[in-house]
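These notes concern the structure reproduced below.
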Amino acid sequence: MINWRRSLSVAGVVLLASLTVQAADWPSFRGPNGDGVAEGNFPTSWSAEKNIRWKVALPDPSNGSPIVSGGRVFICSATKDGRQRSLICFDRSNGKKLWTRTVEFGEDTTHPQNPFSSSTPSADGERVVVWHSSAGLYCYDFAGKELWTRDLGEFRHIWGSGSSPVIHNGRVILQCGPGKRVFVTAINLENGETLWETDEPYKGEKDLDDVGSWSTPVIAKIGGAEQIICAMSTRVNGYDPESGKLLWWCDGLSGSRYDATSSSPLISDGICFAMADLRGPAMGFKLGGKGDITETNRLWLAEKRNPNSVGTGVFVGGHVFRPNSKPGSLECLDAKTGKSLWKERARDHWASMVLAGGNLYALSQRGTTIVFKPNSQEYEEVASNDLGESTNATPAFSDGQIFLRTEENLFCIGE
């Protein structure tokens, strides 16, 4: 079995959290470091009646995940037709709804399995930012007062949107797309002004309906300097946070039928793991270098027999633990070679994994959370917890409590 305590220490050095974030908060998609790792101990056993601190009914389903910041829980929501898109704020102690802020929008399109406003908010303890795709980027204070808003353009795609903003060093980092124009941008958190935009032109030959990235950027330290790492539709890119300059890229995510990426890149020990969706390729490569690093840095490329990949896995001790959908399974890979070490059949997983208290948590679309050990030698299950409600959202882990969103309710799970 791997030494997961050492792995958490390594991951903490590689991935950087904003200094304004409270230690117990879960302020963005996949947590304070964007790596799916939570500090502290958390429940491993619950049901619809057991270890439920509170639950509140939600107005509409969404694939967006809850976040926790400054004693509040934030989630996105939208009506079925997308004409009303909302940010909802709850008191984390009792689930009381504190406020809702709704924006109006016209006709739009998405996929039935991906409702409108499926992005995850991001907060810094004082301000919260939410991206409603074509309906705009909004910033509120914690009392619900609108501070600024930005129209970043039209992002129309038959599969909808899903990338989430990340707050880092007073900036909102956002991967904008999919659609006719795709770009990465940094926006001043204080006033909403654009600091830079870097386009990602599509150079493939597929129809744009079969092209897109729904991935969320990750902030990492490479060679002593911070970089923004983005999994795009055909490659992984590294950007300078100050200027937006494209520093390097590694090709390998273009598939035979689709150029589509949903999961976020995983980074640890100088290696990046990235995986396309819709049975597209997976790859691992060494970080560092300039320009096209495909030939020099790519360690391996698996182009065939890959599962669908919507949710993001977790990097632990040189191994990637990932949730798969269609066919549904939990899997462990050697990050340096891409070799599958074991695979366990499971329900389809769209939610991303979380590592907390020495256990991995994987939430299926059926609402069952599998808790298992990060054991690279064999699958070692700890518990299976069924809420009986469907979900595609990733849980938030904060101060010993788990905040889990289904299509019907928001749950606070705690012993």
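The values are calculated or read from the model by the stated rules, or taken from the named source; none is laboratory data. Because the structure is predicted, anything quoted here is derived from the model rather than measured. Cβ sites come from the backbone with ideal geometry, for glycine too, and all protein chains shown count toward neighbours.
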If you go through segment 180-193, how many residues are more than 21 Å from E226 (Cα to Cα) and either among the hydrophobic types (A, V, I, L, M, F, W, C) or crowded, with 18+ Cβ neighbours inside 10 Å (or both)? 1
Check whether at least one residue in segment 22-40 is more than 30 Å from K221 (Cβ to Cβ), crowded, with 17+ Cβ neighbours inside 10 Å, in contact (Cβ under 8 Å) with a residue 40 or more places away in the chain and not small (G, A, S), and report yes or no. no
Residue, farthest from the chain's Cα centre (by Cα), within segment 248-264, restricted to residues that are surrounded by fewer than 24 Cβ atoms within 10 Å (Cβ to Cβ) and not polar (S, T, N, Q): R257
With respect to T368, is the statement that it is touching a residue at least 24 places away in the same chain (Cβ under 8 Å) and of a type in the set (S, T, Y) true? no
Residues satisfying the stated conditions in segment 99-113, i.e. among the acidic types (D, E) and assigned to a strand (DSSP E or B): E104
Would you point out the residue of segment 82-118, among those that are crowded, with 19+ Cβ neighbours inside 10 Å and touching a Leu at 6+ places or on another chain (Cβ under 9 Å), that is modelled with the lowest pLDDT? S117
Check off (1) on the phi > 0 side of the Ramachandran plot; (2) crowded, with 16+ Cβ neighbours inside 10 Å for A135 and give me the number that stays unchecked. (1)
Condition check for L174: buried (at least 16 other Cβ atoms within 10 Å of the Cβ), closer than 28 Å to V320 by Cβ, of a type in the set (A, V, I, L, M, F, W, C) and at pLDDT 95 or above: yes
Among the listed residues G367, G400, which satisfies the condition of being closer than 19 Å to P115 by Cβ and either at pLDDT below 95 or not acidic (D, E) (or both)? G367
Does segment 65-81 contain any residue that is in a loop (DSSP other than H, G, I, E, B) and crowded, with 22+ Cβ neighbours inside 10 Å? yes
With the requirement that a residue be farther than 21 Å from P327 by Cβ and in contact with a Pro (Cβ under 7 Å, 6 or more places away or on another chain), what does segment 272-300 give you? C272
Please enumerate the residues belonging to segment 114-131 that are within 26 Å of G179 (Cβ to Cβ), in a strand (DSSP E or B) and not small (G, A, S). N114, V128, V129, V130, W131
For segment 181-193, indicate whether the set of residues that are hydrophobic (A, V, I, L, M, F, W, C), assigned to a strand (DSSP E or B) and under 18 Å from C250 (Cβ atoms) is non-empty. yes
In segment 308-320, which residues are in contact with a Pro (Cβ under 6 Å, 6 or more places away or on another chain) and not aliphatic (A, V, I, L, M)? G311
Which members of segment 32-64 meet the condition of being closer than 19 Å to T368 by Cα, in a loop (DSSP other than H, G, I, E, B) and not hydrophobic (A, V, I, L, M, F, W, C)? G36, P43, T44, S45, S47, E49, K50, N51, P61, S62, N63, G64
If you take the residues of segment 285-308 that are within 16 Å of I222 (Cα to Cα) and among the small types (G, A, S), which of them is surrounded by the fewest Cβ atoms within 10 Å (Cβ to Cβ)? G291
For segment 244-278, how many residues meet the condition of being part of a loop (DSSP other than H, G, I, E, B) and under 18 Å from D292 (Cβ atoms)? 5
